[in-house]
Every structure is written in structure tokens, then in C-alpha cells.
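Contents: one structure, followed by commentary.
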Amino acid sequence: MQETRHQFREDLRELERQVLGGLDLVIGQLDRALESVSYQDVELAAMVVADDDRIDGRYLEVHQGILSLLARQSPVATDLRIVAALLHCIRCIERMGDQCVNIAKLVPLSGHDAPKDKDTLDAIERMGQLARSEVSEAKDALRTRNVELAQDIVRQDAEINRLNRAIFKRAVEIGDDLELREWGMFMILVARCLERVGDNAVEIAEQVVFVVTGLFREVADIGASAETAQSN
Amino acid sequence: MTGPETTSKEPKRMSSAPEQSEQTEAAPDLSAMGERRQGHGIKVRDLHAYYGSVHAVRGIDIDFPANEVTAIIGPSGCGKSTMVRCINRMHEEIPGARSEGSVSLDDLDVYGSNVDVTAVRRMIGMVFQKPNPFPTMSIFDNVAAGLRLTGMKSDNLRERVHRALRAVGLWGEVKNRLNSPGIGLSGGQQQRLCIARAVAVEPEVILMDEPASALDPIATLKVEELIDELKNRYTIVIVTHNMQQAARVAKSTVFMLDGEVVEHAETTKLFTNPSDERTERYVTGKFG
Amino acid sequence: MSTVSGALIPEISAGRKRRDRVMRGLLMAGTGLALVPLILIIYYLIYKGIGSWSGSFFTTDPNGNFFGNPGGIRSAILGTLEIVALASLISIPIGIAVALYLTEYGNDGVFANLVRYFVDVMTGVPSIVFGLFIYIVLVISHAGGSGFAGWKGALALSLLMLPIVIRSSEVVLLLVPSSLREAALALGAPRWRIIWKVVLPTARSGLVTGALLSVARGMGETAPLLFTVSVAFPVTFNLNGIMNSLPLQIYGDITSPRDVVVARAWGAALTLVALVLILNLIARAISRRSRLT
């Protein structure tokens, strides 16, 4: 027997698939942006900028789909929370895409010389990996409604924030060297973009907790609410 | 109880700024009924109701707070109409039906041994699903019927009828044809006429059994607007099939299933984050 | 008509058409067969009776003379009106009361169903039995200080009219939507007030129609009056004595050897039918006027 509100459930699942697909797009963009930074690959960076259109398009699709669903189906309870969460998430995705573009735009600016400071570069790479893993985990957490995974994202984000501050300090240190100074400042900007990506992934994690528990908590309390969700 | 931010409910006005006199005549105007009195709530304790051997209502405990609208939702046959009819003792009018338990209007148990049933029903009025104005009576007589049928002699009958019509927002539409037959009105107007009839007797509580389900959407919204006004003066219990309606008018909502209360919570919470799995499944349409 | 639509919705077959026509023809024939005697009766009544109608026909009493002008039927008309009026006064209020009991209080109870059963039986009792019953109980015993009497005839008629009133009133009262009773109950009205101010007014036209039809029926009954009222020629308003009535007048006149008296009988029969017809038309007009849109 067909489940009740079959079309509605199908539409909702499709919207979720589109959002998850958007996260895949972000991961792809992030990988390529980081690569272009590591190897100063200007052409790759240009591709990242151009491909942001896909993410923007995805945003519009999901946005429209959500409006249509709200108008036609009057979702309530869990369905309503999912719809609200998806709207948040697709905005986060769009912003993450924009951050990848910002990173890519910094590549040609930092000149065609090989990158200079290994420490900074390592830190950037590390940040990139963390950001990527955060986004990937956010996707999984959303897909499986996993509150513990959401908690883990928050933990990782602390590390990203720490690396961001470290890169800033390092840039100040290498600032005396005239050749490195400009490059260092661009790296600060890259780090900040990555940190923003991490923040958006954390927002997605918050939405996952909201969908599951019905409670909206800021980052700091996510650990506690995960425990209450367990006991419910 | 925490939840996503709730916005306070403002009654929605359908039209934007019509003429002043039209507005006061068309909108429900409860101040016509006089000074506000202290509201009275209802407490239901351990209520059971039977149709012969069928146990339709199984041990219900609910508080209906004064001057608030409480909605009762649930699938067909869950006992919500039966339960409501036990509150004004209409259930026992059905042959073979009986009920047990207590229903208190403030401190008075309506099932008490010396209680006059007709007095109970004067205090606890009822509006039905299908509008049922008396066909042989004019609009005026319909509203006055409550007073005449209950033997409430009053010298200012006219005034009371006019007040009741103003209170429900019908005055502007019928003031020039008070003597025309009540059944000549449209469905939505008939229902508001029935509400005026119930209000004219000046009850404390108004029970509404799916009052808008036989009406078109505009008439429905007018009735809902009226309910929002009425709560300022009466305690209201509304049974409804329509979840969006419960969400729009009621401060708290009760979900019933198989004769029992499954969940009773603030409406916003029940519709955004219900505690019980069965409530979740019902409101999202997974069954029902 | 294109062949496409013809394929989707096939034309009616010739056989079907034929069967439809045959069926219609049979039904019309049956209707005609039933109408024929009806029309014949009315025709005969008018043909034979209209000749007697005249001014004096309605204003003089039959005088029982063997020769000369036999008189009109005034006392018969008045007598019928008196007797039937008394019978109505008895049977209609009681009948409506019983119907109210059955619909408002008895519902499906054992006693109520017993009552309904007996009422049904009474509608089937031959009218002569009512006459005989009153004859044995009241006439022979000279109850009330008289033998045959108008009021005893009225009583017999009311026994006949009662089940008709009960039956038709019950049907009409059942048609009053229970939602109206519910509405009145929910307002806090006591039962009797609901009956008086809601149920009865709503059912009023139906009750009136039913009453009028029972009156029309009572007017024409001969057998009950035979044994209870007998015949008298002068006009009298004393219901405690014998009096004239249309059915008995006809009964008496039709076997007379005098043609003019027989003609009077036909005139009286036509009058009786006319009265019944008028009552029926009034009943019909009332029910149509009150039909709620």
C-alpha cells in the first residue's frame, strides 16, 4: 500500500537529495580551490570561480522547491523542521561556495612564484583538510540524522579556529621578509575563508541537531543537547 | 517548554481599512456584550463514556483554562466529539449512552446529584458542525430563541438580541432584515447566527464541534476570527478535523486517539515538535 | 456525429429502443386502466348529481314526505359537519399527542413499538367494527340518556380517524431534523418547551395536512354512523340525539322508489365528494406553501 502523502514525501526526499548534492559540489570546489593555492594553479582557480554558478543555481532550485512545498503541503512537526533546516543548509552551501571562490580569486593575486613559507603552507593544507572533513561529515550527519557526528564537527571546528590564529601569528612573523610579506597576507585571507567554511559546516551541524531534537542550540550547548536527545 | 521562537498571535484582518462605520459593524465586537467578567474554566477528571457496551472515552483528564481556546484533534472515531458532548451533558440524551467521571465548571461538578441539566447547558453552550438555525423563525427570533426557550424572561430582549448580533459581527449584514427567515442566510452567516444564538444566553463556556467544516474558506476564516474575539469573554473548546485550523485559533491542543488523550501541549509545540510518536505520525499525515 | 465519438459512446441499439417503447406502452396502459374507473365515477357523479344542485337543495331539509317536494339536504350537510367536527376535536389532539409520545419519548422502546403495532392494526380494522363497538357499548346501554346520538357517532368516527392521525403525524414529526432538537437542547431548553416551540411549529404544516386528510376520510364513512346515529330529517344541534348526516342520507335515499329522491341521493354524493375534494385541495395548498426552500 502506498504510504500516505506519497508525493509530499517524495518531494521532501528530493529536496534533501539536492541539498546533499550541493554539499558534494562544495567539497569539489574546496578541493580544487585548495589545490590551486598549493600549486599556484591560476587556471584551476579560474575554473573554481566559473563553477560557482552551479552552486548558485542549486540554491535557487532548492529555495523554490521549499517555497512550493510550504505553499502546497503545509508541513508540520518533523517535516516542518526538515524544511526549515534545508533552507538554512542551502544558504550555508551557497556561502561556502562563495568562500571557495574567494580563495580561488586570491591565487592569481599572490603571484606566479612558488609559494614561500612551508609552515604556513602546511597549516593552510591542514586547515583545508579539516574544512573538507567538516563539510563531508556535515553531509553525512544530515543524511543520517546523526547527532554525535554533529558534535564531532564542532570539535573539529575548534581546531580550525586555532589554526587560523596560528597562521595569523606566523604571517606576522614572516612579515619582516619583504618577499614573503604580501604572500603571507593573502594566506591570512585564505585562512579566514577556510575558517568561514568551517563555521558554515557548524551551522549545518546545528540544523541537524534541531531536526532531531526540535531544540535549537548554539554551538556550545550541542554536546549537552546530544545527551538529552539520546535519553529521549 | 522551549521551542523555536513563537510569534504572538494577532487576529488577521481580511480586508484592509474599509470605511470606519462598516468596519465596526462587520467586525465582531464583543464589547457590545458589556463589561468583562471573570472567566471560568473546565476541569475534566477520569471521564468515561459509553454507547451501550462500546467504551468510547476511556479515562480522560483535561484542564480547559478560562478565556483560552483549546483545540481537540484526532482521527475519526477517536472520541473527541463524544468527550465534548459529555461536558454539556448532551451525551446522555442519546438512547443507551452513559458517562462516568467528573466535569467541573470552576468548583461545580456538572454531574452532581442536584444539578439541573438545563442550567448546565445554559452555562455551557454548543455550536454544531452543520449550522442549524430554527427554520420557522426569523433572524431575530432565532437569536431570541435561546432566551425564550429557557424561560429567561427579560424586558430588554431586543437589546440583547442586537448585542449578540453585534458580538458575532453579523449586525451590519442583517440589521435591515431581522424579520426575514433565518434559513435565508448563507452557510457562513447561518453559523454565525447560531453562534449569536448561543452567545445571547450568556454562557461561560462555548463548545464547538467542528464549527467550520461545512463552510467555504472565507466563511471559515470569519468564524475563526470570531473565535479569536470570543475567547476574551468565554472559554472555548473546539473540536476540529482541520489541523491548520487548530494551529490558527487554539492556544493549546489536545490529541486524542482511541478514546484517550495522547498529548496535550501548547499548539506551537505540538505542531513543530510533538513529544509523542503517535502525535508526530498523525499530524504529519502518516496515518489518520 | 463523428465515428470517433460513435466508437467511444455506442449508439443505442434498435432492440433497446423497442424494449423501451414496449415498457412505456405497458405502463401507460396500466395507468390508463387505473384511471378509467376513477374518471367514470367522477363522470357519473357529476352527470347524475349536478341536476339536483340548486339553491333550495342546500337550504331546505329533507322532509320525509312520500309525495311532493322531498326537500334538500341541508340538515345532512350540517349534521355531517357537526359530527365530524366533534370527531376531529377528539381524534386530532389525542392523535398528535400519541405521535409526539412515540417520537419524542418512546423512540424504540418496547412500549412504543407495542403502541405502533396496535395503531397499525387499527388502521386495518373495518369501519363497521367501530360502529358496532360503539353500538354495543354506548347505544344499547343508552349511555348519556339516549340511544342513537350524534356524539356517539362522532366517537365511532374518531376511533377510525385516530390511527390515521397518529400515523401521518408520526411520519411528519420524524421528518423534523434531530439537529433542531439538539440545538434547542444545547441551549438549555426543557423537553416540553422544545416540543411546543420548535418541533410542533416546524412540523405544523405536515400535521395540518395529515389532520385534514383524516377529516376527509371521516366525512365519508357510512358504517360507523349506521349503528350509532341513525337518521333524522330536521336540523338539530343537539348532539345527544339522533341527527342527519350525508352518508346516511345517501344510504337512505338511494333505495327509494321515487326518482326525485334517488336524484337527491346523487346530489348528496356529489356534495360529499366535493367537500372531500376541497379539503384535499386545502391540504395540498398548505403543504406546498410551507415547503421550505
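When A:ALA166, A:ALA158, A:ALA150, A:ALA141 are screened for being in contact with a helix residue (DSSP H, G or I) (Cβ under 8 Å, 6 or more places away or on another chain) and surrounded by fewer than 20 Cβ atoms within 10 Å (Cβ to Cβ), only A:ALA166 passes. Here C:GLU182 meets the list (1) free of Cβ contacts under 8 Å to residues at least 12 places away in the same chain; (2) part of a loop (DSSP other than H, G, I, E, B) almost entirely, failing just condition (2). Screening B:GLY151 on (1) on the phi > 0 side of the Ramachandran plot; (2) buried (at least 18 other Cβ atoms within 10 Å of the Cβ) shows it passes everything except condition (2). Within the stretch C:97-114, how many residues are hydrophobic (A, V, I, L, M, F, W, C) and either open to solvent by less than 30 Å² (accessible area, probe 1.4 Å) or closer than 21 Å to C:TRP151 by Cα (or both)? Going through the stretch C:97-114 one residue at a time, the tally reaches 4. Scan the stretch C:75-96 and tell me whether some residue there is open to solvent by 10 Å² or more (accessible area, probe 1.4 Å), within 14 Å of chain B (Cβ to nearest Cβ) and farther than 17 Å from C:GLU221 by Cβ. Scanning the stretch C:75-96 turns up no residue that is open to solvent by 10 Å² or more (accessible area, probe 1.4 Å), within 14 Å of chain B (Cβ to nearest Cβ) and farther than 17 Å from C:GLU221 by Cβ.
Each row is one residue, and each column tells you yes or no for (1) in contact with a Leu (Cβ under 8 Å, 6 or more places away or on another chain); (2) more than 9 Å from chain A (Cβ to nearest Cβ).
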residue: B:MET243; (1), (2): no, no
residue: B:LYS251; (1), (2): no, yes
residue: B:VAL254; (1), (2): no, yes
residue: B:VAL261; (1), (2): no, yes
residue: B:GLU266; (1), (2): no, yes
residue: B:LYS269; (1), (2): no, no
residue: B:SER275; (1), (2): no, no
residue: B:ARG278; (1), (2): yes, yes
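Among the criteria (1) more than 14 Å from every other protein chain (Cβ to nearest Cβ); (2) in contact with a strand residue (DSSP E or B) (Cβ under 8 Å, 6 or more places away or on another chain); (3) crowded, with 24+ Cβ neighbours inside 10 Å, the one B:ALA212 does not fulfil is (2). Scanning the stretch C:120-140 for residues that are outside any helix (DSSP H, G or I) and either free of Cβ contacts under 8 Å to residues at least 12 places away in the same chain or among the aliphatic types (A, V, I, L, M) (or both) returns C:VAL125, C:ILE140. When A:LEU180 is tested against the conditions (1) open to solvent by 20 Å² or more (accessible area, probe 1.4 Å); (2) free of Cβ contacts under 8 Å to residues at least 60 places away in the same chain; (3) closer than 24 Å to A:ALA33 by Cα, the lone failure is (2). Within the stretch A:78-122, restricting attention to residues that are in contact with a Lys or Arg (Cβ under 9 Å, 6 or more places away or on another chain) and modelled with pLDDT under 90, the residue that is farthest from A:LEU23 (Cα to Cα) is A:ASP117. Of the residues making up the stretch C:246-279, those that are surrounded by fewer than 15 Cβ atoms within 10 Å (Cβ to Cβ) and either under 23 Å from C:LEU212 (Cα atoms) or touching a residue at least 40 places away in the same chain (Cβ under 8 Å) (or both) are C:ARG258, C:VAL260, C:ALA274, C:LEU277, C:ILE278. None of A:GLY57, A:GLY97 is more than 30 Å from B:GLY285 (Cα to Cα) and in contact (Cβ under 8 Å) with a residue 24 or more places away in the chain except A:GLY97. Selection of the stretch B:40-94 for residues being surrounded by 23 or more Cβ atoms within 10 Å (Cβ to Cβ) and of a type in the set (Lys, Arg) yields B:LYS80, B:ARG85.
Look at the stretch B:264-285: where a residue is closer than 16 Å to B:CYS78 by Cβ and a partner is among the β-branched types (Val, Ile, Thr) and assigned to a loop (DSSP other than H, G, I, E, B), sitting 6+ places away or on another chain with Cβ atoms under 7 Å, you get B:VAL283/A:VAL76; B:GLY285/A:THR4. Contact map, the stretch B:69-81: residues that are more than 22 Å from B:GLY41 (Cα to Cα) paired with residues that are in a loop (DSSP other than H, G, I, E, B) and open to solvent by 10 Å² or more (accessible area, probe 1.4 Å), Cβ distance under 7 Å, separation 6+ or inter-chain. Pairs shown: B:PRO75/B:GLY288; B:CYS78/B:ASP258.
Scanning the stretch C:175-193 for residues that are at the interface with chain B (Cβ under 7 Å from one of its Cβ atoms) and open to solvent by less than 40 Å² (accessible area, probe 1.4 Å) yields a total of 9.
In this entry, B:VAL103 passes the filter for residues that are open to solvent by less than 70 Å² (accessible area, probe 1.4 Å) and within 25 Å of C:SER179 (Cα to Cα).
The residue list B:ALA119, B:ALA97 contains one member that is open to solvent by less than 40 Å² (accessible area, probe 1.4 Å) and closer than 23 Å to C:LYS197 by Cα, which is B:ALA119. Please go through the stretch C:20-72 and pick out each residue that is open to solvent by less than 50 Å² (accessible area, probe 1.4 Å), part of a helix (DSSP H, G or I) and farther than 16 Å from C:ASP259 by Cβ. Of everything in the stretch C:20-72, those that are open to solvent by less than 50 Å² (accessible area, probe 1.4 Å), part of a helix (DSSP H, G or I) and farther than 16 Å from C:ASP259 by Cβ turn out to be C:GLY25, C:GLY30, C:GLY32, C:LEU45.
Of all residues in the stretch C:201-209, none are buried (at least 24 other Cβ atoms within 10 Å of the Cβ) and modelled with pLDDT under 90. Taking (1) under 30 Å from C:VAL171 (Cα atoms); (2) open to solvent by 10 Å² or more (accessible area, probe 1.4 Å) in turn, C:VAL231 satisfies each apart from (1).
Let's see how each residue does on (1) farther than 19 Å from C:SER54 by Cα; (2) over 23 Å from the mean Cα position of the chain (by Cα):
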{"site": "C:GLY220", "(1), (2)": "yes, no"}
{"site": "C:LEU226", "(1), (2)": "yes, no"}
{"site": "C:ALA232", "(1), (2)": "yes, yes"}
{"site": "C:PHE237", "(1), (2)": "yes, yes"}
{"site": "C:ASN240", "(1), (2)": "yes, yes"}
{"site": "C:GLY252", "(1), (2)": "yes, no"}
{"site": "C:ARG264", "(1), (2)": "no, yes"}
{"site": "C:THR271", "(1), (2)": "no, no"}
{"site": "C:LEU281", "(1), (2)": "yes, no"}
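Open to solvent by 10 Å² or more (accessible area, probe 1.4 Å), farther than 24 Å from A:GLY57 by Cα, in contact (Cβ under 8 Å) with a residue 40 or more places away in the chain and of a type in the set (A, V, I, L, M, F, W, C): is that true of A:ILE124 in this structure? It is false that A:ILE124 is open to solvent by 10 Å² or more (accessible area, probe 1.4 Å), farther than 24 Å from A:GLY57 by Cα, in contact (Cβ under 8 Å) with a residue 40 or more places away in the chain and of a type in the set (A, V, I, L, M, F, W, C). Restricting attention to the stretch A:183-218, the residues that are at pLDDT below 85 and open to solvent by 70 Å² or more (accessible area, probe 1.4 Å) add up to 3. Scanning the stretch C:97-112 turns up at least one residue that is touching a residue at least 60 places away in the same chain (Cβ under 8 Å), over 30 Å from C:PRO247 (Cα atoms) and of a type in the set (Val, Ile, Thr).
Of all residues in the stretch C:141-170, those that are touching a residue at least 24 places away in the same chain (Cβ under 8 Å), assigned to a helix (DSSP H, G or I) and either within 14 Å of chain B (Cβ to nearest Cβ) or not polar (S, T, N, Q) (or both) total 20. Of the candidates A:ASP56, A:ASP41, the single residue that is over 30 Å from A:ASP117 (Cβ atoms) and either more than 14 Å from chain B (Cβ to nearest Cβ) or of a type outside the set (Ser, Thr, Tyr) (or both) is A:ASP56.
The values are calculated or read from the model by the stated rules, or taken from the named source; none is laboratory data. Just so we're clear, the structure is a prediction, and the values are computed from it rather than from any experiment. A quick note on method: Cβ atoms are made from the backbone with ideal geometry, for glycine too, and the neighbour counts reach across all protein chains shown. Heavy atoms of the whole protein, side chains included, go into the accessibility calculation; ligands, DNA and RNA do not. Shrake-Rupley method; radii C 1.70, N 1.55, O 1.52, S 1.80 Å.
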